[in-house]
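The values are calculated or read from the model by the stated rules, or taken from the named source; none is laboratory data. No experiment lies behind these values; they were computed from the predicted model shown. Positions of Cβ are backbone-derived with ideal geometry, glycine not excepted, and every protein chain shown enters the neighbour counts. We work out accessible area using only protein heavy atoms, side chains counted, and drop any ligands, DNA or RNA first. Shrake-Rupley method; radii C 1.70, N 1.55, O 1.52, S 1.80 Å.
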Amino acid sequence: MTTKVNSRTRTRYVPYQNFTGLDSSRDLFNQDDGERQALHVLENAFADFRGQIVRDGPAEYRFGSHPIKHTIHYDTDTLVAVSEKGDGLHLESEQGFSFDFVYPSSAIVTSTVFNRQIMLTARGLAPTIFDGSIFRASSSSAATVALPAFCTTVQQRLCIAGLAASDTQIMISAANSIDTFFGDEEVDSQSPLRSGNLDIANLLGTADKITGISSFETDKLCIFTNDRAFVFKLDPDITLWELQTEASATYGCASHNTIAEAGSDLLYCSRSGIHALRRVTDNGLQIASVNLSEQIDQIYRSLFNKVTDPQQINAVWDQDEGQYHVFFPIAGTGDFNRLTMTINGGSEGIRTSFSTGEFVNATCGTSLGGNLVFGTKRGVYDINKIESNEGAMPFVRIETPVLWMGELDGTKQAKSITLQAFGDGELTITAIDDQNRDKWQTTVMLTDEDDDGRRTVPLQRQYERPMSIRFRGLRFKFEYKGTGLFRIIGFAVELV
C-alpha cells in the first residue's frame with residue numbers, strides 16, 4: 001500500500017485504486033491491497049482494463065412481454081426467442097412469425113445457425129427449423145426419431161447429440177444439408193460428403209454422457225461430458241475425420257448453453273468454474289482446459305448450487321466489450337443471478353475480472369455484429385454501450401472489503417475522503433467499520449459537465465468530503481443512480 005504524507009499538516013493520504021473486481025479467494029478482512037484492490041460487492045458494474053469501475057450499459061426494450069428462456073440472432077436485425085406462456089414454451093421471431101407446436105415448460109432449448117437457417121432442439125422433442133419467415137419441423141426422419149438435445153455447426157455440417165436412444169452418440173449431417181442425417185440416405189452411399197455418426201462410449205471408460213457440443217477452431221468438433229472433453233477434426237470429406245489426441249480437457253461442461261467461442265478460446269461453465277479450452281501457449285500443439293475463475297471459486301459455487309438443473313444455466317459472449325455473461329436461475333424464485341467475466345488485455349497480459357448483476361433480471365443472451373441482447377422475465381432488451389443515455393439505467397452497488405489503512409490493531413482518525421469519479425447522477429458513500437457499524441454517510445452529486453470522455457489521468461474532477469471518524473478498519477459502500485457513463489477511478493482517505 002502506498003501512502004502520501006503532507007509534511008506541513010502531518011496528515012497522510014491512503015489511496016485505493018486499480019480495482020480488480022470480485023475476489024473470494026481471501027477473507028473479507030484480508031483483502032486490503034490498495035495498489036490492486038479487490039472488491040467484496042460489484043453489482044451492475046465491472047472493472048475495466050485500467051482498473052476503473054465502470055457501470056454496465058443501459059437496457060432498451062426490444063420486443064415481447066413474457067419470460068424469455070432462449071434467444072438467438074437469425075441475422076443482425078432478426079431475433080428468434082423462446083418465450084414462456086401459460087401453456088408452455090412458444091417459438092417466435094420479433095417479426096411475429098411463430099410455431100404452432102408448443103414445447104413443454106420444462107424443455108431446455110438449444111440452437112445453431114446452419115446454412116442461413118436456425119435449428120432449434122430440445123431433449124425428447126423433434127428439431128425445429130426457422131428460415132427467416134417460417135418455422136417448420138425438420139424433414140429428416142432420422143433426426144425426428146433421434147430427438148436431440150444439443151446442436152452445433154462445424155465444417156459445413158450440422159451436428160446433433162443428446163439423443164433419445166444414446167447419450168454418447170453424435171449424428172452429423174451430410175455436407176451443407178440441414179435435413180439429411182444417417183438413415184435419410186441410401187445405406188450404400190460412398191459419397192465423401194455423406195452423413196455420419198460418432199460414438200464416444202468406448203473413449204470414456206466411465207458411464208459419463210454428453211453434456212454439450214460445439215465448434216472449435218473452425219474445423220473441430222468439441223464434445224463435452226460431465227468430466228472431460230474430446231476434440232475431433234471434421235472435414236466435408238467424411239474419410240478425413242479424426243480424433244485429436246493432443247487434446248487434454250480435464251474439466252467437463254455443465255451446460256451446453258454456456259459454451260461460447262471467444263476468439264481462439266472456447267469458454268464454458270463446469271461444476272467448479274468458468275473454463276477456456278485453448279491451445280497451450282508453450283508449444284501451441286496441445287489443447288487443454290484452463291480455469292479462469294479461481295479467484296471467485298466460492299462465489300461461483302454458491303451461484304451454481306442455487307440451480308436445480310445445471311443445463312438451465314445460459315451464457316453469452318460479448319466480443320465488443322470482451323465480456324462473458326453467465327445467467328444462473330435461482331431455484332424456486334423465478335429470479336436469475338448474472339455473473340460477468342471481463343477479459344482485460346494490456347501490458348501485463350490477459351487478466352480477468354468478475355462482477356455480478358441483477359439488472360432487468362436477465363435470463364439469457366445473444367450477440368451478433370456488436371448487438372448484445374438479453375432475454376428477461378419481461379421480454380427481450382437491447383443492452384446499449386456504457387456511454388449511452390438511452391434506456392433504463394442500472395443501479396450500481398459497490399462494497400470494498402475491510403480496509404485497515406495501516407496496522408490491523410491500531411485505532412485511526414480520519415479527516416476526509418477524496419473521490420475521483422465521473423458521472424451525472426447521485427452517488428451515496430457509506431463507511432462501515434470492522435464491527436459492521438455504520439460510521440458515516442454522504443451523498444455526492446456528480447456532474448458530467450467537465451467530462452470530455454477521455455480515459456486518461458491526471459483526473460479532471462475530484463470530490464473531497466469531510467469524514468471525521470475514529471476506526472480500526474473500514475469498508476466503503478458506493479451506491480449510484482444517474483444517466484450516461486459512470487466511472488470510479490479511485491478514492492483516498494486522509495488520516496491525522
Which condition number in (1) surrounded by fewer than 19 Cβ atoms within 10 Å (Cβ to Cβ); (2) β-branched (Val, Ile, Thr); (3) over 30 Å from residue 345 (Cβ atoms); (4) under 19 Å from the mean Cα position of the chain (by Cα) is the one that residue 11 fails? (4)
Taking the condition open to solvent by 30 Å² or more (accessible area, probe 1.4 Å), modelled with pLDDT of 95 or more and among the polar types (S, T, N, Q), does residue 190 pass? no
For segment 329-343, indicate whether the set of residues that are among the aliphatic types (A, V, I, L, M) and farther than 20 Å from residue 46 by Cα is non-empty. yes
Scan the strands (runs of 3 or more DSSP E) fully inside segment 97-155 and keep the ones with 2 or more residues being more than 26 Å from the chain's Cα centre (by Cα). 128-130, 135-137
Matching residues, segment 205-252, being among the basic types (Lys, Arg) and either at pLDDT below 95 or crowded, with 19+ Cβ neighbours inside 10 Å (or both): 220, 228, 233
Is it the case that segment 79-89 has a residue that's of a type in the set (Asp, Glu), within 27 Å of residue 401 (Cβ to Cβ) and either open to solvent by less than 70 Å² (accessible area, probe 1.4 Å) or over 22 Å from the mean Cα position of the chain (by Cα) (or both)? no
Looking only at segment 370-400, and only at residues there that are more than 19 Å from the chain's Cα centre (by Cα) and polar (S, T, N, Q), the one that is most open to solvent (accessible area, probe 1.4 Å): 389
Output the number of residues of segment 313-352 satisfying the condition of being over 21 Å from residue 54 (Cα atoms), part of a strand (DSSP E or B) and of a type in the set (D, E, K, R). 0
Quick check on residue 316: is it under 25 Å from residue 28 (Cβ atoms), within 11 Å of the chain's Cα centre (by Cα) and open to solvent by less than 20 Å² (accessible area, probe 1.4 Å)? no
Members of segment 460-481 found to be touching a Lys or Arg at 6+ places or on another chain (Cβ under 9 Å), open to solvent by 10 Å² or more (accessible area, probe 1.4 Å) and farther than 14 Å from residue 439 by Cα, listed by number: 460, 479
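A quick yes/no check of all residues on (1) without any contact (Cβ under 8 Å) to a residue 60 or more places away in the chain; (2) assigned to a loop (DSSP other than H, G, I, E, B):
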site	(1), (2)
15	no, no
29	no, yes
42	no, no
50	no, yes
69	no, no
74	yes, no
91	yes, no
Taking only segment 393-422 into account, find how many residues are farther than 17 Å from residue 54 by Cβ and of a type outside the set (Phe, Trp, Tyr). 17
Any chance you could count how many residues in segment 103-122 are of a type in the set (D, E, K, R) and either closer than 21 Å to residue 375 by Cα or crowded, with 21+ Cβ neighbours inside 10 Å (or both)? 0
